[in-house]
Amino acid sequence: MPYKLGDVLVGDDPFSGRHEGTVVVKHGHWIGLRSNGRTYFYDYRQLRRPD
């Protein structure tokens, strides 16, 4: 997995929507991003580094 805890990423998913946040959870293929006080979970393939 190319990301580690504390990385800032952008996640884009048709169900969760698009959020920019900090990686706070890693579990298998799933990564939890903390954004605006909430945690959103994405498959790591739906994530990218912000421009």
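Some points to look at:
- Loop-exposed chymotrypsin sites (Phe, Trp or Tyr not before Pro) per DSSP, neighbour cap 16 Cβ within 10 angstrom, longest uninterrupted part of the chain: 16-51
- Accessible area (Å², per residue) of the chain, counting only protein heavy atoms and a probe of 1.4 Å: 69
- All-pairs alpha carbon distance profile, the chain, 5 Å steps from 0, percent: 5, 25, 41, 23, 6, 0
- The fraction of accessible area contributed by carbon and sulfur in the chain is 50 percent, rounded to a whole number (1.4 Å probe; ligands and nucleic acids excluded).
- Calculated FRET value between Asp51 and Ser16, using beta carbons and R₀ = 25 Å, to 0.05: 0.80
- Segment Val24-Tyr3, extension gain: residue separation times 0.36 nm, minus the distance between their alpha carbons: 6.5 nm
The values are calculated or read from the model by the stated rules, or taken from the named source; none is laboratory data. Bear in mind that the values here come from a model prediction, so they are computed numbers and not experimental data. All Cβ positions, glycine included, derive from the backbone under ideal geometry; neighbour counts span all protein chains shown. We work out accessible area using only protein heavy atoms, side chains counted, and drop any ligands, DNA or RNA first. Shrake-Rupley method; radii C 1.70, N 1.55, O 1.52, S 1.80 Å.
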